[in-house]
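Accompanying notes for the structure given below.
Coordinate-derived values only; no laboratory data. Quick caveat: nothing in here was measured; it's all calculated off a predicted structure. FYI the Cβ positions are ideal-geometry reconstructions off the backbone, even for glycines, and counts take in every protein chain you see.
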Amino acid sequence: MPSPALPGALIPLQYHYHMLSDQARLGAFQQAIAAVVQPGQVVLELGCGTGVLSFLASQRARKVWAVELLPEMVNTSRHLLAQNGVADRVEVIHADAHDYLPPEPVDVVICEMLHSALLQESQLSVMRTFCQRYQAHFGNLPRFLPEATLLGVQLIEQQYDFAGYHAPVPLFRQADSLDEHVRLRSEAQCVLSLDYRQPLPASMQWAHTFHIEQSGLCNALRLITKHLLAILPDTARSIDWHSQYLHWPLPKPMQLQPGMKLTIRANYAAGAPVMALTQGLQIEVH
Ligand SMILES: C[S@@+](CC[C@H](N)C(=O)[O-])C[C@H]1O[C@@H](n2cnc3c(N)ncnc32)[C@H](O)[C@@H]1O
């Protein structure tokens with residue numbers, strides 16, 4: 001019997017259209033799968049949802065093991081994979097990805113339980129326990145897709161006025177979209193990098209000090225989450241995808257002045273609900 005997952009980590013059917021129709025997301029995964037999965041290989045997907053990434057992998061793989069915990073998504077993916085003509089190569093397993101091991105060694109593991117700032121979903125806990133169990137059972141780790149995740153932070157001024165009503169609330173923005181409601185108050189700084197083949201932390205802990213050079217109002221942080229889906233050593237480039245930017249309002253807006261230093265410290269559990277940032281982010285001016 002599968003063990004209970006984190007609340008919010010399981011994603012019911014009505015949220016999958018958004019993921020399927022996100023061209024930046026699906027296009028990046030499609031390219032990465034084509035670059036990484038070699039003809040005849042065996043692939044494991046942890047958290048298959050509708051089965052779309054397993055379908056893409058099955059265009060090259062001999063066999064895809066696709067794991068999903070939510071019963072309605074197990075049924076949906078089985079049905080859709082059959083309709084798309086790949087049920088002979090993709091086997092959907094109802095299991096918790098924290099416990100599951102495939103019956104044979106695999107060449108590639110795909111896991112997209114990725115959310116802004118690695119909140120809300122189970123990527124780190126799933127990958128951490130998977131690596132331990134897989135290594136103990138089969139030895140060498142397979143290739144992972146994504147291979148790594150980088151977290152960044154940027155100072156911004158976000159417009160929070162709505163019909164004359166001021167309401168500084170957290171918001172999600174499509175990465176790299178033009179946004180006239182935002183002014184950038186610093187460069188984006190990389191604060192944490194996580195390589196899925198290395199031991200992974202249980203909590204997201206980082207600190208960064210901004211040395212302010214220009215004056216301006218800062219009332220929010222932009223949290224940037226970039227996933228290196230596939231690193232291609234031959235061409236010295238990677239196929240990347242960003243989770244949505246998370247704009248997190250500061251408890252009090254700050255007037256930045258040249259010479260000021262602003263330290264941001266983060267400490268929250270990976271996979272925690274988004275509102276854990278209320279306690280999980282500290283700002284110090286000095
Ligand atoms: C972000 S969705 C991605 C779905 C699909 N891979 C895609 O790219 O469209 C993550 C999926 O993982 C499933 N999931 C979350 N936690 C899980 C767990 N512990 N074990 C198995 N599946 C899980 C969710 O129900 C959801 O379908």
Checklist outcome for this item: The percentage of Cα-Cα pairs in region 149-285 separated by more than 18 Å is 58
Checklist entry - What ranking do 111-120, 144-153 get when scored by the average of other Cβ atoms within 10 Å per residue, highest first? => result 111-120, 144-153
Item to check | In Å, descending, principal axis extents of the Cα set of region 101-196 | outcome: 60, 25, 18
Checklist outcome for this item: The aspartates and glutamates whose Cα lies under 18 Å from the Cα of Lys226, excluding any fewer than 8 residues away in the same chain, are Asp22, Glu112, Glu121, Glu147, Asp176, Glu187, Asp195, Asp240
Item to check | Per-residue ³J(HN,Hα) for region 180-195, Karplus 6.51 cos²θ - 1.76 cosθ + 1.60, θ = phi - 60°, Hz, x for Gly and Pro | outcome: 6, 8, 10, 10, 7, 10, 7, 6, 6, 10, 7, 10, 7, 10, 10, 9
Item to check | Under 5 Å, built H, 5+ apart or other chain: amide partners of Leu217 | outcome: Leu256
Item to check | Candidate lysines - alpha carbon under 23 Å from Lys261, same-chain residues fewer than 8 apart omitted | outcome: Lys252
Next on the checklist: So if I restrict to the alpha-carbon atoms in region 13-112, what is the Rg, and what is Dmax, the biggest pairwise distance, in Å?
Outcome noted: 12.4, 33
Checklist outcome for this item: Between the Cα axis of helix 123-138 and the main Cα principal axis of the chain, the angle (0 to 90°, nearest 10) is 40
Item to check | Taking only Cα atoms of the chain, radius of gyration then Dmax in Å | outcome: 20.3, 64
Next on the checklist: Can you compute the helix-only [θ] at 222 nm over the chain? Use -39500 (n - 2.57) per DSSP H run of at least 4 residues, normalise by all residues, nearest 500 deg cm²/dmol.
Outcome noted: -6000 deg cm²/dmol
